[in-house]
Structures are given as C-alpha cells and as structure tokens.
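Enquirer: There's a structure below that I have some questions on.
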Amino acid sequence: MPLTPEIRWIDTPEALDAACAEVADAEVIALDTEFFRENTFHPVPALIQFSAGGPAWLVDPQAVVCTAAFRRLLAEGPLKLLHAASEDLEVFAGWAGATPAPLVDTQLAQGLLGENPAMGYQKLVAFWTGHTLPKDETRSDWLARPLSETQQAYAALDVIYLVEVWQHQREALERQGRLAWLEADCAELVAQAGRNGEADGQWYLRQRQLWRLTPRQVEAYRRLTTWREGEARMRNLPRGWLVHDRVLYAIAETLPENRYELSRVEGGKPSLVKRDGDTLLALVAEARYLDEAELPAALPSPMAPEFKRVLKALKKVVNAEAEALGLAPEVLLRRRDLEALVTAHLDDEPLPLPTGWRGERLNAGLTRALEESPR
C-alpha cells in the first residue's frame, strides 16, 4: 500500500512564503499541477503541489496569487522534478509567470533508460518503488472546494514519490553515461516553453496532408493557422472552438475570394464567416497574390517511391542505433524529423540534422545513408 502523505494546505501568501523558506535549501523539489482546460485555450490552475521529500504542500491558486518567493523558487534554486511536464509548464507560466528551472522531466528520464518513453506516473512509481497508487481521482473536479480528503491525498501522492523515483533514475542514468543527455533534453524543454510566438508560425507543419497542397495553398494554410493560434490565445478559446485545422485546410485548398465561396467550404460555419470571414479572406488574398519567389517549395509526396526509399534508409540508421542503445527509436528521432530530412535531401536544401548528443550518435550514419540515396 502507498504511504500516507503529510499534507499542508496553502491558501494565503504568508503560508506560501513560509513553505518556500522550508524547502529553499533542498536539493530537489517535486512539482505537479491540476488544471481545467475544456473551454479555454490557457489552462485554468486548480491546484499546485510541491514536496522536497517530506510533507506535500497543496497550494490553492484560486485563493492565493503567486508570491515573489515562490517565483524565485521556481526560476532559481533547487532542481525541479516534473513528470510529463509540458502542460504543467503552461500552468506555471500563467499562474506564476515563471518556468521551473533547472528542470528534470522524469518521463523523459525513463525514456532514456530504455523504458516506455510515454510511461505514466502511476506505472513509473510502481516500476521504481513497487507501490500501487490509486486511480480514483484521475478525472476529479479539481476546481471544487473544499477538496475531499481523498482528492488531497491523491494530489499529494503525485509529488511525494517523485524524489525517490528520481534518485533511482539518476543512479541508472549515471551508470549508463546518459545523465548529460537528459540535462540537455530538459534544458530544451524549458527553452521551448518560452517560444509560443515562434510555435504559432510552425503549427501548419503538423498537418500530415500538407504535401497535397500547392506552394500557394501551403502558404495560405500557414498564414491561416498562425492567425488562429494567436487569436485562440488572445480570446482564450480552445483552438477547435475558434476554427478547426480541417476547416483551415479546406480554406487553403479552395482559396475562396469572397464570403459566398468561403461559406461553401466544407466544415465552415455561418458564425465563422460572420465573425472572422473578412480576416480569413484577407489572409488568403495575401497568399494568392504573393510573388512566386516568396512561396515555399513544393513538398514531395510521401507516397512517391523515392521518398519511401530514402525514408526507409534513414529509419534503418535510427533503428539500428536505437537497438544498440536499448532505446525506442522515437526517443532518438521522431518521424516528423525524419520526413523533414528526406524533404530537404530531395529538394537539395540544407539538411536539418539533429544536434547535441543525438547528432553525435546519428549524423554520420544519416549523412552516409543520404549520400547513398540519389535524388
């Protein structure tokens, strides 16, 4: 049975500052959040949890604003532990105006140890400690007040075990000479958390059918998705509530010239045309009249024999290295990155080869495979 955590509830700035003083000299601090995001773009913080291996502090962000002491604790001081940190980093950015650093994501750490790179927290705890954590409150209403004793215990357990788990992971990573790999990956995770504006302009690359569009249509889709990301953030609406990717893709395909043509786009709603029709048409027009030289290059078809051949050669390199290291291939290089390499190779563009430790392990083999794959 899991241990029964000591829980300390925080709903005043004074209590938060006192807790920060207690853990300020700790070597590591485990962090977690509970949040709500069904009808907003930005996560609504419902609970902030932290522990340095002793009691678990549960901060009520509905009752207390982030203090300067907690902000300093996040941005400086001890090593912070989070599991599957991406969305938690958004919560801290919104509530605290700071990103936890230095940071270790224990999910990334587990992937570098050759285990499931998407291992959940409960399985992680069972793997390293043998304890089975309850799942009862997984979909609990964390905005409700007061929280039940069961909810509080569940939330506390989300941080209580992280310190012990990290001790085991760190020892294993040091034995395998991979601790520096994790530090580099986590530093990049922190850096990415501060690139919202840049990420908006790259959203279009997530579209798996982008290759079906002409360069002008691709440019229209890029402008439309960049606008949507910024607007969803500003209006604090889920991106799908504003306009779905599939609708923006259909608009880019048809390049409508007026509201009537826009209204006939599959999936488009009258409310969208009424509210944002002029803006969407203006973005399409910008792409329509852009000079040919300013358009992106045409994307090769992933169904083409030459694309498949080069992709297969690159995957062979990654799979062989992953097997040698005992890692899942996606930990080394994602399919999206492999496809970007193939595209650059076929277009005779500079190769977006991996950097850091991945580059050291892969680039010689990847380069050789590309040299042996004629365009």
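Enquirer: Taking θ = phi - 60°, what integer Hz values does the Karplus form 6.51 cos²θ - 1.76 cosθ + 1.60 yield along the range 70-81, in sequence order, with x for Gly and Pro?
Expert: Going residue by residue, I get 6, 5, 5, 4, 5, 7, 10, x, x, 5, 9, 10 Hz, with x marking Gly and Pro.
Enquirer: Quick check on the range 187-258: take the gyration tensor over C-alpha atoms, sort the square-rooted eigenvalues as a ≥ b ≥ c, and tell me if it's rounded (a/c under 1.5), prolate or oblate.
Expert: Oblate is the answer for the range 187-258, as a/c is 1.5 or above yet b/c matches or exceeds a/b.
Enquirer: Report the Cα centroid-to-centroid distance between the range 279-334 and the range 230-253 in angstrom, as an integer.
Expert: Distance between centres, Cα-based: 23 Å.
Enquirer: Which residues' amide hydrogens lie under 5 Å from the amide hydrogen of Thr40, considering only partners 5 or more residues apart or on another chain, with H built in the peptide plane?
Expert: HN-HN under 5 Å from Thr40: empty list.
Enquirer: Compute the angle between helix 305-325 and the longest alpha-carbon principal axis of the chain, please, reported from 0 to 90 degrees and rounded to the nearest 10.
Expert: Long axis of 305-325 versus the principal axis of the chain: about 20 degrees.
Enquirer: Rounded, prolate or oblate for the range 1-156? Axes are the square roots of the Cα gyration tensor eigenvalues, ordered a ≥ b ≥ c, and the cut-off for rounded is a/c under 1.5.
Expert: Rounded, since a/c falls under 1.5.
Enquirer: Kindly write out, for the range 349-362 in residue order, the coupling ³J(HN,Hα) from the Karplus curve 6.51 cos²θ - 1.76 cosθ + 1.60 (θ = phi - 60°), rounded to whole Hz, with x marking Gly and Pro.
Expert: 9, x, 7, x, 5, x, 10, x, 5, 5, x, 4, 7, 10
Enquirer: If you don't mind, another one. For Arg195 and Asn363 in one chain, what is 0.36 nm times their gap in residues minus the Cα-Cα distance, to one decimal in nm?
Expert: Between Arg195 and Asn363, full extension yields an extra 57.9 nm.
Enquirer: Something else now. Scan the range 267-373 for chymotrypsin sites (Phe, Trp or Tyr not before Pro) in coil per DSSP, keeping those whose Cβ has at most 13 other Cβ atoms within 10 Å, and list them by number.
Expert: Tyr289
Enquirer: Helix 179-193: angle to the longest alpha-carbon principal axis of the chain, degrees 0 to 90, nearest 10?
Expert: With both axes taken from Cα atoms, the answer is about 70 degrees.
Enquirer: I would also like to ask the following. Tell me, how many Å apart are the Cα centres for the range 136-198 and for the range 48-78?
Expert: Their Cα centres are 14 Å away from one another.
Enquirer: If each residue of separation counts as 0.36 nm, what is the full-extension length gain between Ala324 and Arg259 once their alpha-carbon separation is subtracted?
Expert: 17.7 nm
Enquirer: Can I ask one more? Please work out whether the range 70-143 counts as rounded, prolate or oblate from its C-alpha gyration tensor, where a ≥ b ≥ c are the square roots of the eigenvalues and a/c under 1.5 means rounded, while otherwise a/b larger than b/c means prolate and anything else oblate?
Expert: oblate
Enquirer: Also: For Leu103, what residues show an amide H to amide H distance below 5 Å, using hydrogens built from the backbone and excluding near sequence neighbours?
Expert: Excluding prolines and chain starts, which carry no amide H, the hits are Lys80.
Enquirer: Let me ask something else about it. Search the structure for amide H atoms under 5 Å from the amide H of Ala46, placed 1.01 Å from N in the peptide plane, and list their residues when 5 or more places away or on another chain.
Expert: Glu34, Phe35, Phe36
Enquirer: Counting alpha carbon pairs within less than 8 Å and at least 6 residues apart, what relative contact order, in whole percent, applies to the chain?
Expert: It comes to 15 percent, rounded to a whole number.
Enquirer: With angles folded into 0 to 90 degrees, how steeply does helix 215-235 sit against the dominant principal axis of the chain? Use alpha carbons for both and round to 10.
Expert: 30
Enquirer: Would you please name the GluC sites (Glu not before Pro) within the range 198-263 that are DSSP coil residues with at most 12 other C-beta atoms within 10 Å of their C-beta?
Expert: Within the range 198-263, the qualifying GluC sites (Glu not before Pro) (loop, at most 12 other Cβ atoms within 10 Å) are Glu257.
Enquirer: Going by how many other Cβ atoms sit within 10 Å of their own, how do Val218, Val273 line up, fewest first?
Expert: Val273, Val218
Enquirer: Could you pull the Rg and Dmax for the chain, using just the Cα atoms, both in Å?
Expert: 23.9, 67
Enquirer: May I ask you to derive the relative contact order of the range 305-371, considering only C-alpha pairs under 8 Å and at least 6 residues apart, and to give it as an integer percent?
Expert: 41 percent.
Enquirer: Report the paramagnetic label zone for His244: residues of the range 264-289 whose backbone N is under 16 Å from a point 7 Å from Cα along the Cα-to-Cβ axis.
Expert: Under cut-off, by backbone N: 264-273.
Any read-out appearing in this document is the output of simple, stated calculations on the displayed coordinates, not a laboratory observation. All values reported here derive from a predicted model rather than from experimental measurement. Positions of Cβ are generated from backbone atoms using ideal geometry, with glycine treated the same way; all protein chains shown enter the neighbour counts.
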